[in-house]
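Following: one structure in structure tokens, then a few remarks.
Just so it is clear, none of the values below were taken in a lab; they were calculated from the coordinates. Keep in mind the model is a prediction, meaning the values are calculated, not measured. With ideal geometry, Cβ positions are generated from the backbone for all residues, glycine too; neighbour counts draw on all protein chains shown.
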């Protein structure tokens with residue numbers, strides 16, 4: 001009887017691509033992948049440490065994993081493991097703690113008999129990763145970059161993942177070809193800071209995009225988060241010329257206040273950000289735009305908060321990713337004075353989330369009556385769920401198996417939660 005393994009991934013799309021690669025390694029070694037929450041011989045947690053909330057979620061998942069599979073091995077890997085190995089080591093049931101690079105070597109350590117193994121490496125090696133059939137996603141994530149050379153005042157990721165490093169254009173194309181051969185129709189290029197690709201690799205991001213888009217059989221292409229200061233006209237022209245780039249960008253904003261952006265050590269101001277959004281819309285007039293927003297940064301005044309609120313209201317941003325500011329160990333912002341009271345921070349976060357919900361609802365309503373293509377990702381209760389080009393959720397009733405199919409859909413109505421389409 002084959003051994004079983006369960007996975008849970010916290011955090012970004014980059015983590016998802018890495019979990020996919022590791023999951024395939026388990027399958028290749030004869031393991032059967034089971035759903036997280038089922039009894040398993042190995043439970044692999046790929047963790048995040050971007051906020052206090054992420055840290056708390058990691059600890060809860062460790063406890064749940066041990067409770068579910070007390071006889072199995074619990075592996076805690078990734079960014080939280082890299083930064084908080086000693087704290088994790090004190091938790092009941094943990095067998096193996098692997099940092100951001102060591103997690104790829106999990107098979108070297110699984111059979112060792114030490115009570116708790118801690119493997120934290122500061123390697124500068126680039127470990128490639130991509131979604132695989134083993135993790136059952138429909139949209140494929142292909143890792144092209146890791147780490148970050150920016151030192152934003154609030155961010156712990158450069159400490160957790162190290163300096164920027166990249167895949168080569170040639171290897172990225174090989175990985176993309178494998179993904180398409182395995183049936184994936186859409187690829188999302190991911191990394192911590194993919195706009196730094198050229199300065200890190202010496203090769204051009206536009207050449208990588210062209211190489212991926214040229215893969216026979218690839219139908220849809222997306223980029224994950226792209227820093228506004230790394231978006232150029234040449235990149236936008238290249239994405240447009242592929243003919244398969246989808247109408248969605250994720251462009252971190254973080255704050256709508258110049259003073260706060262300067263304190264955060266961001267590489268742009270509000271005016272630059274507004275011009276970047278306008279430039280993106282020149283090339284992709286129907287695009288939706290997502291943004292990360294940090295609320296409650298140290299010293300944030302009511303006026304500065306309202307500057308962020310008003311900028312978000314003004315700009316065509318519909319997909320809000322709102323984070324309450326969290327103190328992260330060893331970061332500059334953690335040492336600042338005037339940290340915002342928790343209750344005020346929560347109130348401001350709710351206000352921004354509410355604005356985001358209003359804007360997404362409005363964008364969804366405006367799409368009713370349109371004709372669009374949808375990649376269907378999963379089925380539930382006779383409905384197939386997927387996303388439009390501009391990343392709006394759609395569901396369609398169908399007796400056909402639509403999973404991993406791209407179909408032309410007429411958007412018939414908006415229910416308040418998702419769009420309902422007709423084939």
Cut-off 11 Å, label point 7 angstrom out along Cα-to-Cβ of residue 125: give me the residues of the stretch 72-98 whose amide nitrogen falls inside.
none
Neighbouring Cβ atoms within 10 Å as the yardstick, rank 84, 196, 405 fewest first.
405, 84, 196
Over the stretch 310-396, what per residue volume does the convex hull of the Cα atoms give, in whole Å³?
171
I want to make sure I understand the PRE zone here: with the label point 7 angstrom from the Cα of residue 314 toward its beta carbon, which residues in the stretch 223-266 have backbone N atoms less than 14 Å away?
255-259
Inter-label distance, nm, simple model (7 Å from Cα along the C-beta direction), residue 403/residue 343:
4.9
Hey, what number do you get for the chain at 222 nm if only DSSP H runs of n ≥ 4 count, each worth -39500 (n - 2.57), divided across all residues, to the nearest 500?
-10500 deg cm²/dmol
Along each principal axis of its Cα atoms, how long is the stretch 133-366 end to end? Whole angstroms, biggest number first, please.
53, 43, 35
Among 88, 167, which comes first, second and so on when ranked by fewest other beta-carbon atoms within 10 Å?
88, 167
Stretch residue 34-residue 71 to full length: gain in nm at 0.36 nm per residue minus the Cα-Cα span?
11.7 nm
Measure off 7 Å from each Cα along the Cα-to-Cβ vector at residue 301 and residue 278, then give the distance between these two points in nanometres to one decimal.
2.7
Computed label-point distance, nm, for sites residue 233 and residue 330 using a 7 Å Cα→Cβ extension
4.1
Relative contact order for the stretch 152-259: what is it in percent, counting Cα pairs under 8 Å that are at least 6 residues apart?
28
Please work out how much length the chain gains when fully extended from residue 361 to residue 373, using 0.36 nm per residue of separation minus the C-alpha to C-alpha distance, in nm with one decimal.
2.4 nm
